[in-house]
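Heads up: the structure comes next, in C-alpha cells.
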Ligand code: PHE
C-alpha cells in the first residue's frame, strides 16, 4: 500500500510539472481528489481490511490528500501568476501611439440658415409651427384664395398623390392651419420642406421655406417692413437697406417683393446683383381679407401680414453657391466647407 501511495504522489507531481493552465489543474484536481477520484478510490478499499487496520489507512489517505492538495495549491499559484502576466502582455496598450481622432460632422448649409432664421424670429417673439408636407388641394390652394383653374397654379405645379392630395408647394398652408386652430394675436413661423415640379440651376423639385404670419389688430405694411428689415439685417449685415416692390400673390393684398441692397457691392452694381444694386430675397404682403375670412377670422377687426422666405435662395446668396442642386448632391466635400 505504501508503494501505491508514493506512486500516486509521483504521478501527481509529474502531471503538475506539465500543467500550465488553470483548466488542466482543475482536471488534475478532479482526477485525484474528486468524488470518483483516485484518493477516494483508496478509501473504498477499506471494506476489505480488518477493522483494526482501518484507522491507519484512513490516516494515510488523509495525509496523502493533504499532500496532493498542497502540491496543487503551489502549482496553482505559479500558473495564476503566469496567466496574469500573459494577460497583461496581450492587453498591453502602447501609449505612445497617436489617438484615434473622431471626425466631427457639420450641419448642412440649409440647416444652418434655417437655425439662424429661427433664432432671429424667436428674438422677435415668433413661435415655430411645423405643418404636414402632404396637403389637400383645399388647404394648399383653395383656402389661400387659389381656386381651381386659377392661373397662379401654373407657377406651383407639384406632385399629386391623388387628384386632391398633393405635396405642398409652399409653407403658406401653415398659415391656414394656424389661423383655423387658434385665435389672434398670432405670431408664427413655419419652416419646412416644399415641392414643385421644377428642375434647373435655381429651382429644385424639393426645397425649403420659412413662412411668417402675424395677425393682430391695427397691423400695417409698415409692421411688415420693420420686421423684415430686422431679420434681413441679421442675415446679410447691418448696412443693407430694404425696399418693397409691388407684386402679386392671391393670398396677400397688397403683395410685395422684398429686395435688399446688394451686400457684395454696397449697391453700386456688380455681378451678384446683375448691375442693379438690389437683390430680390422674398415674397410678402398683407393677408388677403378673403383668406382671413376663410379661416374664420373677422377681417374688419383683424389684419395680418405674411411672408415666405426660400432657404436655398438665401443660402446661395450668402455662400455664393452657383447651383441649387449642390444642396442635394450629398457631396461631403461641399458640406464640409461650411464647418
Ligand atoms: N407662398 C409664396 C411662395 O411660395 C410666398 C409668400 C408667402 C408670399 C407669404 C406672400 C406671403 O411663393
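Couple of notes before you dig in:
- Any hit, the range 229-238, residues being closer than 20 Å to residue 122 by Cβ, touching a residue at least 40 places away in the same chain (Cβ under 8 Å), within 11 Å of the ligand (Cβ to nearest atom) and assigned by TED's automatic domain parsing to the domain that holds residue 285: no
- Residues of the range 70-91 that are within 17 Å of residue 8 (Cβ to Cβ) and surrounded by 15 or more Cβ atoms within 10 Å (Cβ to Cβ): 71, 72, 75.
- Residue ID - surrounded by the fewest Cβ atoms within 10 Å (Cβ to Cβ), chosen from residues in the range 207-222 that are touching a residue at least 12 places away in the same chain (Cβ under 8 Å) and more than 14 Å from the ligand (Cβ to nearest atom): 218
- Looking across the range 296-312, the residues that are more than 11 Å from the ligand (Cβ to nearest atom) and either in contact with a helix residue (DSSP H, G or I) (Cβ under 9 Å, 6 or more places away or on another chain) or not assigned by TED's automatic domain parsing to the domain that holds residue 260 (or both) come down to 296, 297, 298, 299, 300, 302, 303, 311, 312.
- Near pairs, Cβ below 8 angstrom, 6+ apart or cross-chain, from the range 17-46 (in contact (Cβ under 8 Å) with a residue 40 or more places away in the chain) to any residue that is surrounded by 14 or more Cβ atoms within 10 Å (Cβ to Cβ) and not in a helix (DSSP H, G or I): 25/19; 28/19
- Residues that are out of contact with any helix residue (DSSP H, G or I) (no Cβ under 8 Å at 6 or more places or on another chain), surrounded by fewer than 19 Cβ atoms within 10 Å (Cβ to Cβ) and either under 11 Å from residue 134 (Cβ atoms) or not assigned by TED's automatic domain parsing to the domain that holds residue 198 (or both), drawn from the range 144-178: 159, 160, 161, 162
- Residue selected from the range 117-143 under the condition in contact (Cβ under 8 Å) with a residue 60 or more places away in the chain and touching a helix residue (DSSP H, G or I) at 6+ places or on another chain (Cβ under 6 Å), by the criterion surrounded by the fewest Cβ atoms within 10 Å (Cβ to Cβ): 120
- The residues on offer are 277, 192, 269, and the sole one that is in the same structural domain as residue 326 (by TED's automatic domain parsing) and touching a residue at least 24 places away in the same chain (Cβ under 8 Å) is 192.
The values are calculated or read from the model by the stated rules, or taken from the named source; none is laboratory data. Source: prediction; values computed, not measured. Cβ coordinates were reconstructed from backbone atoms using ideal geometry, including for glycine residues, and neighbour counts include every protein chain displayed.
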